[in-house]
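> Below is the structure I would like to discuss, written out as structure tokens.
The values are calculated or read from the model by the stated rules, or taken from the named source; none is laboratory data. It should be emphasised that the depicted structure is a prediction, and the values quoted were computed from it without experimental measurement. Glycine gets a Cβ as well: all are built from the backbone with ideal geometry, and neighbour counts include every protein chain shown. Ligands, DNA and RNA are excluded from the accessible area calculation, which covers all protein heavy atoms including side chains. Shrake-Rupley method; radii C 1.70, N 1.55, O 1.52, S 1.80 Å.
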Amino acid sequence: LISGFEGYQRGPRTVLQGREKGAPWAADVLGAVAEVVRTEPRFEKAIEVALGSAVQNLITATDAGAQRAIEHLKRSGAGRATFLPLNTIRPQGYRPEEEREFRGAPGILGVALDLVRFEERFRPAIAALLGRTLIAETLDAALALGRQTGQRFRVVTLDGEVLAAGGAITGGSVAGRGSGLLARERERDELTARLAA
């Protein structure tokens, strides 16, 4: 599943396969977000929902590298992909006065960015995606924070409900959904460790 990039859309899959084959146009591609981010199993659903389709975004060292990959996708008609060039991407985060509004709030577990692990070189890209999302234990906790702060924060719960900044709420069940891309990468890490043991 992993080596075939199953679960990826056509564009990102084409680029990742090009990187694996050593294609010159993909030389600057460092990996998909799903490949470089890890979190505790408890947070996987929330982080996967917080990322949404951005879990398939491709991190490149430079914007020129992203441009080469996009040109290849256009020439070959192989779909579209979103790139996060480390030399130009702008990390997002909360100002100290904003943090005071949610730090210590009941049921708020923290900023999504602080609940994931990744190599430090990827920080600008991951902070652009998760730096302004909070993780809450329950929808009740998310809604309470929303009422208290005038719906100013995006909050994702451990069950995958989303309270958008502005007040829109998304939730429910997703039928037949297997493990996401983040869980799959964790399972590979665990199996590799078990084999080594």
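> Could you tell me which of the residues 75, 68 is open to solvent by 20 Å² or more (accessible area, probe 1.4 Å), out of contact with any helix residue (DSSP H, G or I) (no Cβ under 8 Å at 6 or more places or on another chain) and more than 24 Å from residue 138 (Cα to Cα)?
Details: 68 fails: out of contact with any helix residue (DSSP H, G or I) (no Cβ under 8 Å at 6 or more places or on another chain).
Going through 75, 68 in turn, just one is open to solvent by 20 Å² or more (accessible area, probe 1.4 Å), out of contact with any helix residue (DSSP H, G or I) (no Cβ under 8 Å at 6 or more places or on another chain) and more than 24 Å from residue 138 (Cα to Cα): 75.
> Restricting attention to helices (runs of 4 or more DSSP H) lying wholly within segment 116-197, give those where 1 or more residues are modelled with pLDDT under 90 and open to solvent by less than 70 Å² (accessible area, probe 1.4 Å).
Counting at least 1 such residues, we get 181-196.
> So is residue 1 hydrophobic (A, V, I, L, M, F, W, C) and either surrounded by 18 or more Cβ atoms within 10 Å (Cβ to Cβ) or closer than 19 Å to residue 163 by Cα (or both) or not?
Answer is no for this residue.
> Identify, please: which residue in segment 4-36 is aromatic (Phe, Trp, Tyr) and touching a Lys or Arg at 6+ places or on another chain (Cβ under 7 Å) and is, among those, most open to solvent (accessible area, probe 1.4 Å)?
To start, the set of residues in segment 4-36 that are aromatic (Phe, Trp, Tyr) comprises 5, 8, 25.
Still in the list and also touching a Lys or Arg at 6+ places or on another chain (Cβ under 7 Å): 5, 25.
On the way: 5: 10, 25: 45 Å².
Across segment 4-36, the extreme among qualifying residues is 25.
> Is it fair to say residue 101 is open to solvent by 30 Å² or more (accessible area, probe 1.4 Å) and either of a type outside the set (Gly, Ala, Ser) or in contact with a Leu (Cβ under 7 Å, 6 or more places away or on another chain) (or both)?
Criteria met by residue 101.
> Considering segment 104-114 alone, what residues qualify as being surrounded by 19 or more Cβ atoms within 10 Å (Cβ to Cβ) and touching a helix residue (DSSP H, G or I) at 6+ places or on another chain (Cβ under 6 Å)?
108, 112, 113
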